[in-house]
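First comes the structure, then the notes that go with it.
The values are calculated or read from the model by the stated rules, or taken from the named source; none is laboratory data. None of these values were measured; they are calculated from a predicted model. Positions of Cβ are backbone-derived with ideal geometry, glycine not excepted, and every protein chain shown enters the neighbour counts.
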């Protein structure tokens with residue numbers, strides 16, 4: 001079996017946002033050498049309940065910790081005042097899958113657009129209306145996207161993808177692993193140095 005790099009993420013995972021610059025460098029370094037398989041991990045199920053104030057405070061603190069840990073990472077804290085936060089990332093996960101249906105290249109494009117909208121533009125990707133707007137902004141067929149986004153088939157696809165990640169022992173995000181010969185080898189993340197991870201991938 002050919003070596004494959006598995007990347008498991010959630011577009012509303014703040015550590016995934018912090019990891020993006022280094023992830024891009026890593027993926028650029030292995031482009032054409034090792035295929036990458038992207039999986040969404042499903043951080044938080046669907047919910048219409050407002051996010052408790054205690055969780056909002058905890059996430060604000062997480063954002064500040066990421067800014068201190070990963071130089072150059074920025075967050076727009078206006079989100080907490082402008083939006084009605086919910087602990088619900090499944091809609092954004094399904095949006096990535098719905099985008100992928102219109103072409104593999106739209107998977108990372110939709111992920112990046114969700115992250116930018118959430119972390120820089122104070123828009124709420126837990127809202128279906130926001131996701132449809134973002135789909136149009138990256139050039140997707142918005143009507144086709146909107147129809148698929150709320151379909152049962154896409155929900156089942158999301159659950160299957162989450163299960164694939166769990167079967168590999170992955171339940172935190174972001175995560176990297178090398179799959180080869182039926183075995184999965186985790187890659188220790190380095191949020192600021194792609195070379196450290198590249199060495200692990202090449203050695204796996």
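See the values below:
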| quantity | calculated |
| --- | --- |
| Every residue from region 77-99 that is touching a helix residue (DSSP H, G or I) at 6+ places or on another chain (Cβ under 9 Å) and either at positive phi or touching a residue at least 60 places away in the same chain (Cβ under 8 Å) (or both) | 90, 92, 93, 94, 95, 96, 97 |
| Selection from region 182-204 of residues that are part of a loop (DSSP other than H, G, I, E, B), more than 19 Å from the chain's Cα centre (by Cα) and buried (at least 16 other Cβ atoms within 10 Å of the Cβ) | 204 |
| Candidates 22, 73 - the one that is out of contact with any strand residue (DSSP E or B) (no Cβ under 8 Å at 6 or more places or on another chain), assigned to a loop (DSSP other than H, G, I, E, B) and surrounded by 19 or more Cβ atoms within 10 Å (Cβ to Cβ) | 73 |
| Residue 39 touching a helix residue (DSSP H, G or I) at 6+ places or on another chain (Cβ under 8 Å), in a helix (DSSP H, G or I) and at pLDDT 95 or above | no |
| Unique residue being closer than 20 Å to residue 47 by Cβ, touching a strand residue (DSSP E or B) at 6+ places or on another chain (Cβ under 9 Å) and surrounded by fewer than 21 Cβ atoms within 10 Å (Cβ to Cβ) when the list is 127, 107 | 127 |
| Any hit, region 121-143, residues being over 22 Å from residue 191 (Cα atoms), within 14 Å of the chain's Cα centre (by Cα), touching a residue at least 60 places away in the same chain (Cβ under 8 Å) and not in a loop (DSSP other than H, G, I, E, B) | no |
| Selection status of residue 57, modelled with pLDDT of 95 or more, part of a helix (DSSP H, G or I) and touching a strand residue (DSSP E or B) at 6+ places or on another chain (Cβ under 8 Å) | no |
| Unmet criterion (only one of (1) crowded, with 17+ Cβ neighbours inside 10 Å; (2) under 17 Å from the mean Cα position of the chain (by Cα); (3) not in a strand (DSSP E or B)) for residue 177 | (3) |
| Number of the condition not met by residue 46 [criteria: (1) out of contact with any strand residue (DSSP E or B) (no Cβ under 6 Å at 6 or more places or on another chain); (2) under 14 Å from residue 191 (Cβ atoms)] | (2) |
| Hits in region 7-19 (condition: touching a helix residue (DSSP H, G or I) at 6+ places or on another chain (Cβ under 7 Å) and part of a helix (DSSP H, G or I)) | 14, 15, 17, 18 |
| Residue in region 153-160 that is surrounded by 13 or more Cβ atoms within 10 Å (Cβ to Cβ), more than 15 Å from the chain's Cα centre (by Cα) and not in a helix (DSSP H, G or I) present | no |
